[in-house]
Amino acid sequence: VIETPRAVRWHDGAVRIIDQTLLPGEFREIDLVTVDEIDEAIRSLRVRGAPAIGVAAALGLVASLATHLALPPQHLCTRLAEHAERLRAARPTAVNLGWAIDRLLARAARAARHAPAASRELWEALRDEALAILEEDRAMCRRIGEHGAGLLRPGATVLTHCNAGALATAGIGTALAPIYVALERGVRVRVLVTETRPLLQGARLTAWELGRAGVEVTVITDGMAAAVMRDPGVDLVLVGADRIAASGDVANKIGTYGLAIAARHHGVPFYVAAPSSTLDLSCATGAEIPIEQRLPDEVRSGLGRLTTPADAAVLNPAFDVTPAALIAGIITERGIVRPQDVGLTSAERS
Ligand code: MRU
């Protein structure tokens with residue numbers, strides 16, 4: 001079994017994360033306890049990737065409440081609600097964040113309804129719920145890997161974008177999970193990784209984690225993707241998702257939509273890998289998915305030095321939406337489904 005980095009975990013009352021802003025130059029783990037620390041870490045992408053931020057927020061709510069156990073249970077619940085709304089606003093596109101927070105709020109509501117629990121009992125119930133979210137995410141990643149590995153032939157070339165690997169989840173990743181499972185089965189593929197401007201998650205994070213696992217990786221700039229799909233050829237595009245609408249439209253890192261168009265033009269199958277916690281059936285189509293707009297300076301000087309005139313007008317949407325029609329399949333923990341069937345139960349699919 002491949003050892004992958006643990007992006008987020010529970011450690012002695014704190015949320016322990018790998019500070020991803022420092023990678024690949026430095027590997028440093030940091031412990032987060034207060035709601036300010038957790039909010040800052042999510043906003044600044046120290047912890048990032050849709051499933052990982054959901055897990056970090058859930059564990060973060062628990063860690064941040066630990067110093068308030070002297071409060072009566074109703075007041076602890078008020079504090080929980082305040083912290084929850086604070087973290088929910090940290091990043092708007094990845095639905096896993098709100099999904100994980102809502103699970104903790106629902107757990108607190110259940111505990112309060114059944115027995116007027118003491119604050120410590122309530123806190124322990126929340127801690128167990130957050131740990132369950134983490135364990136479920138690990139299990140979903142593994143299942144996604146098992147379902148997706150069958151798409152990979154020995155020697156195939158896979159193109160991926162951004163980082164939907166171990167660093168983006170509590171487990172072995174989503175889009176990278178099939179690559180890890182294939183490797184465990186002795187199937188080696190070559191991976192082309194787009195740099196992923198402006199924050200370089202592909203170049204900094206995906207190249208690092210795949211390289212560490214012994215996968216052959218080639219980094220390309222974002223602008224090269226269409227050309228490499230034509231020559232020397234790409235067998236499959238495999239990306240993650242931040243939110244999937246009921247229609248099967250997929251929000252993912254900016255640049256994903258362009259890759260899907262190029263893949264269609266060159267006849268390359270385009271797959272998305274995501275756990276069910278990334279589905280948002282309350283969004284009928286991708287047009288309803290909120291797209292995070294980040295600060296212009298990430299584009300002007302994201303590489304640490306000014307790369308545009310200091311006052312250049314820039315756009316910086318962090319995500320785009322790929323229409324379902326361009327997607328060959330969505331790899332979920334339940335299997336590979338057509339995008340338009342992603343919201344259906346297995347009984348409803350035919
Ligand atoms: O801005 P980021 O780095 O959080 O964006 C991450 C992505 O777009 C990932 O592809 C997505 O969250 C899926 S992660 C399993």
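Span-like helix check, the chain: qualifying full DSSP H segments, with Cα axial length of 27 Å or more and mean Kyte-Doolittle of 0.0 or more, are 95-114.
For the chain, the solvent-accessible area of protein heavy atoms averages 41 Å² per residue (probe radius 1.4 Å; ligands and nucleic acids excluded). What base-10 log of the normalised intensity I(q)/I(0) is obtained for region 253-322 from the Debye formula, alpha carbons as equal point scatterers, at q = 0.12, 0.20, 0.23, 0.25 Å⁻¹? Taking Cα atoms of region 253-322 as identical point scatterers yields -0.49, -0.97, -1.05, -1.11.
Note on T196: accessible area approximately 0 square angstrom, rounded to 10, probe 1.4 Å, nucleic acids and ligands left out. Once the chain from D297 to E348 is taken as fully extended at 0.36 nm per residue, the excess over their C-alpha distance is 13.7 nm. Taken over the C-alpha atoms, the chain has Rg and Dmax values of 20.0, 66 angstrom. The ellipsoid that matches the Cα gyration tensor of region 207-344 has semi-axes, each √(5λ) in whole angstrom, of 27, 21, 15, with the longest given first.
The eigenvalues of the Cα gyration tensor, multiplied by 5 and square-rooted, give region 138-208 an equivalent ellipsoid with semi-axes of 20, 15, 8 Å from largest to smallest. Here L306 sits with roughly 100 square angstrom of accessible surface, probe radius 1.4 Å. In this structure D12 has an accessible area near 140 Å², from a 1.4 Å probe over the protein heavy atoms. Of D297, D242, the residue with the largest accessible area leads and the full order is D297, D242 (1.4 Å probe).
For the chain, adding -39500 (n - 2.57) for each run of n ≥ 4 DSSP H residues and dividing by the number of residues yields -11000 deg cm²/dmol at 222 nm. On the accessible surface of the chain, probed at 1.4 Å, how many percent belong to carbon and sulfur atoms? Here it works out to 54 percent. Taking GluC sites (Glu not before Pro) across region 285-350, the ones in a DSSP loop with at most 14 further Cβ atoms lying within 10 angstrom of their Cβ are E348.
Spin-label model, F27/E216: points 7 Å from Cα along the beta carbon direction are separated by 2.4 nm. The C-alpha radius of gyration of region 130-172, expressed as a fraction of 2.2 N^0.38 Å, stands at 1.34. Across A241, A149, A70, mean-square fluctuation computed from a Gaussian network of the chain (C-alpha pairs under 10 Å connected) peaks at A70. Averaging over all projection directions, the Cα-based convex hull of region 70-116 occupies 3.3 nm² in the image plane. Here is the list for region 298-339: trypsin sites (Lys or Arg not before Pro) lying in DSSP coil, each with at most 10 other C-beta atoms within 10 angstrom of its C-beta, are R305. If a spin label sat at a point 7 angstrom from the Cα of A112 along the line to its beta carbon, the backbone N atoms of region 50-64 nearer than 20 Å would be those of 58-64. Eigenvalues of the alpha-carbon gyration tensor of region 15-127, scaled by 5 and square-rooted, set the equivalent ellipsoid semi-axes at 27, 14, 10 angstrom, largest first.
What is the ratio of the Cα radius of gyration of region 167-225 to 2.2 N^0.38 Å, with N the residue count, to two decimals? Taking the Cα Rg and dividing by 2.2 N^0.38 Å, one obtains 1.10.
The values are calculated or read from the model by the stated rules, or taken from the named source; none is laboratory data. In this text, all values refer to a predicted model and were calculated from it rather than measured experimentally. Neighbour counts run over all protein chains shown; Cβ positions are idealised from the backbone, glycine included. Heads up: the accessible areas ignore ligands, DNA and RNA and are worked out on the full protein's heavy atoms, side chains in. Shrake-Rupley method; radii C 1.70, N 1.55, O 1.52, S 1.80 Å.
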